[in-house]
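These notes concern the structure reproduced below.
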Amino acid sequence: MEESNVVDPVSSLYEKDLEHMFYCFCSFVCLIRNKKMNTANIFLEFLECDTLQKTFIELCDHKTKYEAVRHFLTQEPSLQKSKYIKRYINNNC
């Protein structure tokens, strides 16, 4: 009997918790900036602010900034095509 469709409950719970923490962080950024923001603007705030980076890394239990950026891009793939993100990267890298 092959069980290829068995989902590891611990991994599933971890992924759901990570997704929840991502959206909590996005809500937090909107609250501290006192305005409704889209994910691209939240990501730009994250890139510009060291304190937000440290907060997100700690909240989501990442080890590096690279892991945190990758998490953002995995969670919201449309960020890779955003003209605002491309402009920021071109001007700051």
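A few remarks follow.
- Scope the stretch 54-78; condition under 10 Å from the mean Cα position of the chain (by Cα) and not small (Gly, Ala, Ser); matching residues: 56, 57, 60, 67, 69, 70, 71, 72, 73, 74, 75, 76
- Contacts under 7 angstrom Cβ, first residue in the stretch 50-64 being at pLDDT 95 or above, partner in a helix (DSSP H, G or I) and of a type in the set (Val, Ile, Thr), 6 or more apart: 52/29
Listed here are the residues, each with its yes/no results for (1) within 21 Å of residue 77 (Cβ to Cβ); (2) polar (S, T, N, Q).
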| residue | (1), (2) |
| --- | --- |
| 10 | no, no |
| 13 | no, no |
| 24 | yes, no |
| 29 | yes, no |
| 35 | no, no |
| 38 | yes, yes |
| 42 | yes, no |
| 51 | no, yes |
| 57 | yes, no |
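- Per this entry, residue 1 is not counted among residues that are at pLDDT below 95, in a loop (DSSP other than H, G, I, E, B) and surrounded by 10 or more Cβ atoms within 10 Å (Cβ to Cβ).
- The listed residues are 22, 43, and the only one of them that is farther than 16 Å from residue 89 by Cα, of a type in the set (Phe, Trp, Tyr), in contact with a helix residue (DSSP H, G or I) (Cβ under 8 Å, 6 or more places away or on another chain) and surrounded by 12 or more Cβ atoms within 10 Å (Cβ to Cβ) turns out to be 22.
- The single condition among (1) within 12 Å of the chain's Cα centre (by Cα); (2) surrounded by 11 or more Cβ atoms within 10 Å (Cβ to Cβ) that residue 86 does not meet is (1).
The values are calculated or read from the model by the stated rules, or taken from the named source; none is laboratory data. Because the structure is predicted, anything quoted here is derived from the model rather than measured. Here the Cβ is made from the backbone with ideal geometry for all residues, glycine too, and neighbour counts use every protein chain on show.
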